[in-house]
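The values are calculated or read from the model by the stated rules, or taken from the named source; none is laboratory data. Treat the numbers as computed from the prediction; the structure is a model and nothing was measured. Using ideal geometry, Cβ is built from the backbone for each residue, glycine included, and neighbour counts are taken over all protein chains shown. Areas reflect the complete protein model, heavy atoms only, side chains present, ligands, DNA and RNA absent. Shrake-Rupley method; radii C 1.70, N 1.55, O 1.52, S 1.80 Å.
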Amino acid sequence: MAEAHPVGFQWVMEAKARGAKVIHVDPRFTRTSAVADTFVPLRAGSDVAFLGGIINYVLQNERDFREYVVAYTNAATIVSEDFVDASDLDGLFSGFDPETRTYDTSSWQYAGTEGHEGDASSGESHTDRETASGLQHESHGGATPSQTQRDETLQHPRCVYQVLKRHFARYTAETVERVCGVPQETFLEVCEAWASNSGRERTTMLVYSVGWTQHTTGVQYIRTGAILQLLLGNVGRPGGGVMALRGHASIQGSTDIPTLFDLLPGYLPMPHHEQHETLQMWVDDMSHLGQKGFWSDAGAYGISLLKAYWGEAATVENDYCYDYLPRMTGDHGTYQQVLDMIEGKISGYFLLGQNPAVGSANGKAQRLGMANLDWLVVRDLFLIESATFWQDGPEVATGELVPEQCRTEVFFLPAASHVEKEGTFTQTQRLLQWREKAVEPEGDCRSELWFFYHLGRMVKERLADSTQRRDRAVLDLVWDYPTHGVHDEPSAEAVLMEINGYRVADRSPLTSFTELRDDGSTVGGCWIYTGVYADGVNQAARRTPRSEQDAVASEWGWAWPANRRLLYNRASADPEGRPWSERKKYMWWEEGKGEWTGPDVPDFERNKAPSYRAPDDASGVAAINGDDPFIMQSDGKGWLYAPVGLLDGPMPTHYEAAESPFRNSIYGQQGNPTRKVYEDAANPTNPSPPQPYADVFPFIFTTSRLTEHHTAGGMSRYVEYLAELQPAMFVEVSPELAQERALEHLGWAHVVTARAAVEARVLVTDRMVPLRVENRVVHQVWLPYHWGQGGLTTGDSANDLLSINLDPNVLIQESKVGTCDVRPGRRPTGPALLDYVADYRRRAGVAGDQRIPIVTAGQTSTSAEGH
Amino acid sequence: MVSRNSLSGPLDPAPDAGYVDPPARKGFFTDTSVCIGCKACEVACKEWNDVPADGLNLLGMSFDNTGSLGADSWRHVAFIEQSRPIGEQSPPFQDLPTGPGMGTESQFLGMPGSTLPGASQDGRTDMRWLMASDVCKHCTHAACLDVCPTGSLFRTEFGTVVVQPDICNGCGYCVSACPYGVIDRRETDGRAWKCTLCYDRLKGDLEPACAKACPTDSIQYGDLDELRERADRRLEQLQGSGVTEARLYGHDENDGVGGDGAFFLLLDEPEVYGLPPDPVVTTRDLPDMWRHAGLAAAVMAASAVLAFIGARR
C-alpha cells in the first residue's frame, strides 16, 4: 500500500502511531513491509491456502465472534443434501460438467430451494463465464428465496458453519507451511494476532489490492478474506471490514459508470441477447422476484437510465427504447477482442488513457492485434507505445511487424491532463471528489468529455438524413449538454446532474435512489450516484476540513450510496440495536426516537426497528428483518457460503495458478477448473504439473509497481523528475538466486517464459528470499511493469512475459504469478530472439496446438515433480 | 565563550546576524522512523524550485538513485537494507532457506553481497529497511556562510541559510567548507546551489514544498524550539516501545555546528545514513588558528631580533 497508495498510507501510519499493529503478507519485502510490525513472505499464488489456514484456525479453536456469526451470517442456514464438497471430490464440487468445465449449481442451493428459478440452471454457467456475469452477481447478492431453514445451534451437519468447517479442515498449519512456504510459527503468530484483535472490543481491517484480484482464482481470494472477516465479526464495524484498494485514480468510477462490456451504470447488467430479450425479462432478472433487498426496485433504476439515454424518445409504448441497447452475444472482454483483432475480426479501436502495448497481459498479442486493424484512435498525454508500436515496438526489431506493411491507421489525439478539466474522481471508499479545472489545456489537448460530446454530435450530424432503423439508437440519444468557452467544452456539472437524476416534469434534482420510478417520470444516469447533486448542490465538491467535523467526515465529498461511509453499518450494533461495545460504538437504535442514529448514514431503513420481523409473504425491502444487516443479499445475511453467484465454487478452494512449478498437494485438481483459457497460438502457456517439463521454467515471477512510476508508464517515464528516481527496468533477485544463476548486481539478466524474453538490470537484494515449498527450495523474482520503448527511461515490458489466463467470474487476467527461467546477460535481439523463445517452448513441450489438461481431479495427487 | 559573531557555541543566528525582532527560528525535524521512501519530497522540491533533473543513473544503492545531496538534489532519500530487526519486530525470514548454497548449485562465486562486511553469510532472519530524507542542515554556525567571499550566502530572518544565485561567482569555497558535503556547484552554470528552506514560501506564510508534500509527516516544519520538544517526545515514545536504536541527530546546540536548523531522528548510527558523526563547522578553530599564527609570527620576529642582536656582538 505504501508503494502504490503513499498518500492513503499516511492513515496506516497514523493508526500505527495510535498503537495499531500492521501485518504485511506479500511475496516481496516492500516499502510497506519496512514499516510493518510483522512481515510474512509467502509464495505468490498461495493466498487462498494461507487465509484458508486462518479460517481453519478460527473454526477449530472456536475463535469466531459467535453472536455476530449466528445472527448476521448464513452460518446457521442448512445446505442441500445434494451438495458434495471439494474435499470429497478431489477438488471439484458437485455438479461439474467436464465438457463445458462449468458447474450446475442446483446442488449448491440451500435446503428446500433446489429447483428454484433463478441462476441455477447449468446452461447458463457457460454464458455467465463468457459474459463475466459473476460481477453482476457479486453486486446483486444473487437470487435465493428470503426464508431459509436454519439451525442456530450450528450443530446440524449440513449447516453452513459445519460445511465450512469440513471444507477448511485440510488447511492446517502444516499445510500452510508446505504449500505457502510460511513457517508454522510465523503463520500461527498471524492467526493469533488477527483472532485476538477481533470481537466486541476490537476490530481488524483487511486491506488488499490487485495483488489479490489478478489471479485465475482472484474472486475467491477476496471471498476467503470476506469469510474470515465475517467469522471474526469485522464487517460493517469501525476499524474493520475489507478495504479494497484499486489500481489507479478513479478506476472505481470507471466501474461505477462503466467502460466494461458487461455492465451498465450502477452495476446493472448489460442485456444478453437470449436471457434479456425483452425489457421485462431484463427487469425481472435484476430484481430477483421474491428476494429481500433493494434490488427489487431494479426496474426503476433501469428505466430511469433508459430515460437518461433517450429522453423523450423513450416511452412506455416502446419499452423506453430498450431495443436500442446493445446485446451481449458472448465474450466481448478485452482479451477475446485482442485475439479477434489478430484474426482480423475487428476494424477499429479507441484507446483513451490506456496503454495495452505495455499494460495488458501478453504484450505481443496486444501489439499484433493492434497491427491488424483498419484504424486505431489513441488519446493520451504522450505518444505512448500503443500509438507507436508499429514503428518501434519489439515486433519491428524481430521482423514480425514491418512498418511499411502495417495496415492500421493510427490517429493520435492529445489529451488534457486532470488539472486541465473539471469533473469527479471516485476513489476506493466510493468517495466522489469534484476537481476544478486549474488551467486551460494547451494547443489541441482536449478532455474526454469534449471528445465524446463532439464525436457524438458529428456522428449524429452525419446520420441526420438516415432512414435506417439501426441509426435511431444514435439519433434519438439525448445530446443537449450546454457548452462553454472558446472550445465549446460541455458542462461537466450538467453531466453530473444527469447522473444524479431528476424529475422529468420540472428537472428538479433527486435526493435518493428511492425516488427513482419505473414509469418514465424520472431520469437517473447512475442509481448508486443519486444524491450527489441533491438540492441542486454539487455534493462532491464539498470540502469541510476534518478539523471542523468528526472522524467520519461526511461533509468532505460525497460517497455512494447516499453518502454512506461505512457499508453494512447495521452490523456495528447487536441484534437488539445496541453497540457491541462502547469502544466500537458506531450506529445504534434510538428507542425513544424510533430511528437508527450515529455519525454516519445508517445502511438500513432509518425507522425499521431491530425487532421487526417480516411477514411470510413479504418480498423486496419489506422482507428485510430488523436484524438483517446485509441488505443487498437475498437472505439479508453475510455469506460464508455462496449458494449462487460464483462460477468456481460456493467456498474458496486452493488451486495452483495456471502456471506453477508445483502440483496441488491439497487436491488432485491442479488449477481452477472453470478458468477462462484461450488456447491460441498467440497465447501459449508454460507447462505445470502434472504436465512434464515444468522445470524448464523453475522459478516464480510476480509483477507490481514502484511508487516512482505509474502503471504502464505513460505518465511517468516521460517526466524527468520521475524518470530519474527509477531510471531503468530492473529485476529483483535474492542473493541465493544470484549465486545459483551467476547474476551480478547492476549487471544484466533476462527472464524467459513461453511468450517472451525480457531483459532487465539486476538488483540483488536481501529483501527477496527463497522459500521452502513442498519440501524443496523455490526462488521468486519480481519485476516492475512500468517500462516500454518510449520516454526518457526505456526498457522491456514485463507484461510481455504473461499469458492470458482469466478468472472465470470477472475475466481478470492472472498477472501476479507465473513461472519463468532467469539467465544472466542480455537477451538476443532481432529474429534471434524469436528463435531463443521458440527453443524454450520446444524444450517445455509447448506446441502450437497446445492442449492444457485443465481437469486433473481423480489423478494421483503426488507432491513435487522431480527435477 | 559565546559572544556576538561567535564562530561556535549555542546561538540564535538571526538576531546574531543583525536582524531586529526577527520571527522565531524556523527549521525541519525529519522523523525518519515514519518515512515510507516515496520521494515526494525530492519531486516537490524540484518542481517548486525549478531544480534541473540530474541524470538517469541506476546507482543500485537499494532504491536510491539520487546518491547524495548536490547542486541538483536538495532533498535526497537514502535507503539502507540491513539484516537487523527494528524494535520488537518478529524476524520475517526465520526458518526460511537462506544463505549460500540454497538451490541446485552450491559454488560460492564471490558475488558482491548486500550484507555489511563482516556480517554472517549463513542465512538471515531479520530484515529492516531504513529510509531517510536528507537535506541542507541550515547550521547555526554555517561554514559555507562564513567563508563566502562575495556575500552571496546570507542568513535570513528565519535563521536559515540561502545562496543568492545572482551574486555567487562560483569560487567554490563553500563546497569545501560544508562539513556535511551538501552545497555544490552546478555543472551547467558553475554557481553554488542548495536548499533554501523555500525562503519564498516562508515569506508567504507557507511551509516548504517538501514538508507540504510528505504524506506521513516525516518532514515536519515549524518553530525550531517546538520541533525540538516534539522530537524529544517522539524519541521517548520510540525508545519506550522497544526501538532502542532511535536517536536524535543535529539537535544539540553544543555540537560542532551549534546545532542544526534541520535535525533528524535516526534509527542507527549517522554513518549508516551517510551523515558525518561529529560535524564541526570548519571555521570554528579560526580564532585559535589566528592566535597560533600570531604567536608563531611573534616568535619568528623575536627569533629574528635575537639573531640580529646575537650577530652584532
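Structure notes:
- Of the residues B:F93, B:F28, the single one that is at pLDDT below 95, among the aromatic types (F, W, Y) and more than 25 Å from A:Y718 (Cβ to Cβ) is B:F93.
- For the stretch A:730-759, the tally of residues that are at the interface with chain B (Cβ under 10 Å from one of its Cβ atoms), open to solvent by less than 10 Å² (accessible area, probe 1.4 Å) and aliphatic (A, V, I, L, M) stands at 3.
- If you go through the stretch A:508-532 and keep only what is open to solvent by less than 20 Å² (accessible area, probe 1.4 Å) and either in a loop (DSSP other than H, G, I, E, B) or modelled with pLDDT under 95 (or both), you end up with A:L510, A:L516, A:G520, A:G524, A:G525, A:C526, A:T530, A:G531, A:V532.
- Pick from the stretch B:120-165, criterion within 14 Å of another protein chain (Cβ to nearest Cβ) and part of a loop (DSSP other than H, G, I, E, B), ranking: nearest to B:F93 (Cα to Cα): B:T125
- Annotation: A:V25 fulfils all but one of (1) within 10 Å of chain B (Cβ to nearest Cβ); (2) in a strand (DSSP E or B); the unmet one is (1).
- Here the stretch A:703-714 is the region considered, the condition is being more than 18 Å from A:A361 (Cα to Cα) and open to solvent by 10 Å² or more (accessible area, probe 1.4 Å), and the residue that is nearest to the other protein chains (Cβ to nearest Cβ) is A:T707.
- Failed item, numbered, when A:Y57 is tested on (1) open to solvent by less than 10 Å² (accessible area, probe 1.4 Å); (2) away from chain B (no Cβ under 14 Å); (3) not hydrophobic (A, V, I, L, M, F, W, C): (1)
- When the stretch A:400-425 is filtered for residues that are aliphatic (A, V, I, L, M) and open to solvent by 50 Å² or more (accessible area, probe 1.4 Å), the ones remaining, listed by number, are A:V402, A:L413, A:V419.
- Of the strands (runs of 3 or more DSSP E) contained entirely in the stretch A:726-829, those carrying at least 3 residues that are in contact with a strand residue (DSSP E or B) (Cβ under 7 Å, 6 or more places away or on another chain) fall at A:730-733, A:748-752, A:757-764, A:780-784, A:818-824.
- Selection count, the stretch B:56-68, where residues are more than 9 Å from chain A (Cβ to nearest Cβ) and surrounded by 17 or more Cβ atoms within 10 Å (Cβ to Cβ): 1
- Only one of the numbered conditions (1) within 9 Å of chain B (Cβ to nearest Cβ); (2) among the charged types (D, E, K, R); (3) open to solvent by less than 30 Å² (accessible area, probe 1.4 Å); (4) more than 15 Å from B:R128 (Cα to Cα) is not met by A:R31, and that is (4).
- Qualifying residues in the stretch A:669-698 (those that are in a loop (DSSP other than H, G, I, E, B) and of a type in the set (A, V, I, L, M)) - the one least open to solvent (accessible area, probe 1.4 Å): A:A682
- Yes/no for A:Y721 being of a type outside the set (A, V, I, L, M) and not in a loop (DSSP other than H, G, I, E, B): yes
- Hits in the stretch B:74-99 - residues which are more than 7 Å from chain A (Cβ to nearest Cβ) and farther than 30 Å from B:E47 by Cα: B:Q82, B:R84, B:P85, B:I86, B:G87, B:E88, B:P91, B:G99
- Qualifying residue in the stretch A:640-660 (condition: of a type outside the set (D, E, K, R) and outside any loop (DSSP other than H, G, I, E, B)): no
- Test: residue in the stretch B:224-239 that is within 14 Å of chain A (Cβ to nearest Cβ), within 18 Å of B:K137 (Cβ to Cβ) and crowded, with 17+ Cβ neighbours inside 10 Å: no
- Taking (1) within 14 Å of chain B (Cβ to nearest Cβ); (2) surrounded by fewer than 19 Cβ atoms within 10 Å (Cβ to Cβ) in turn, A:V621 satisfies each apart from (1).
- Taking every residue in the stretch A:10-35 that is in contact (Cβ under 8 Å) with a residue 24 or more places away in the chain and pairing it with any residue that is open to solvent by 30 Å² or more (accessible area, probe 1.4 Å), at least 6 positions away or on another chain, the pairs with Cβ-Cβ distances below 6 Å are A:K21/A:D37; A:T32/A:M1.
- Annotation note: Cβ proximity below 8 Å between a residue of the stretch A:833-852 that is under 12 Å from A:V752 (Cβ atoms) and a residue that is modelled with pLDDT of 95 or more and surrounded by fewer than 17 Cβ atoms within 10 Å (Cβ to Cβ) (sequence gap 6+ or interchain) occurs for A:L833/A:A397; A:Y836/A:P828.
Listed here are the residues, each with its yes/no results for (1) touching a helix residue (DSSP H, G or I) at 6+ places or on another chain (Cβ under 6 Å); (2) crowded, with 22+ Cβ neighbours inside 10 Å; (3) modelled with pLDDT of 95 or more.
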| residue | (1), (2), (3) |
| --- | --- |
| A:S139 | yes, no, no |
| A:R150 | yes, no, no |
| A:Q155 | no, no, yes |
| A:R158 | no, no, yes |
| A:Q162 | no, no, yes |
| A:F168 | yes, yes, yes |
| A:T172 | no, no, yes |
| A:V176 | yes, yes, yes |
| A:G181 | no, yes, yes |
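- Yes/no for A:R717 being more than 18 Å from A:P853 (Cα to Cα), basic (K, R), away from chain B (no Cβ under 14 Å) and in contact (Cβ under 8 Å) with a residue 24 or more places away in the chain: no
- Total residues in the stretch B:14-37 satisfying the condition of being among the small types (G, A, S), more than 14 Å from chain A (Cβ to nearest Cβ) and in contact (Cβ under 8 Å) with a residue 12 or more places away in the chain: the figure is 4.
- When A:E185 is tested against (1) without any contact (Cβ under 8 Å) to a residue 60 or more places away in the chain; (2) under 30 Å from A:Q670 (Cβ atoms); (3) more than 14 Å from chain B (Cβ to nearest Cβ), only condition (3) is not met.
- Flag for A:N686 being more than 30 Å from A:A832 (Cβ to Cβ) and in contact with a helix residue (DSSP H, G or I) (Cβ under 9 Å, 6 or more places away or on another chain): no
- All told, A:E312 falls short of being part of a loop (DSSP other than H, G, I, E, B), open to solvent by 30 Å² or more (accessible area, probe 1.4 Å) and charged (D, E, K, R).
- Exactly one residue among B:A40, B:A71, B:A53 is more than 24 Å from B:L238 (Cβ to Cβ), among the aliphatic types (A, V, I, L, M) and within 8 Å of another protein chain (Cβ to nearest Cβ), and that residue is B:A53.
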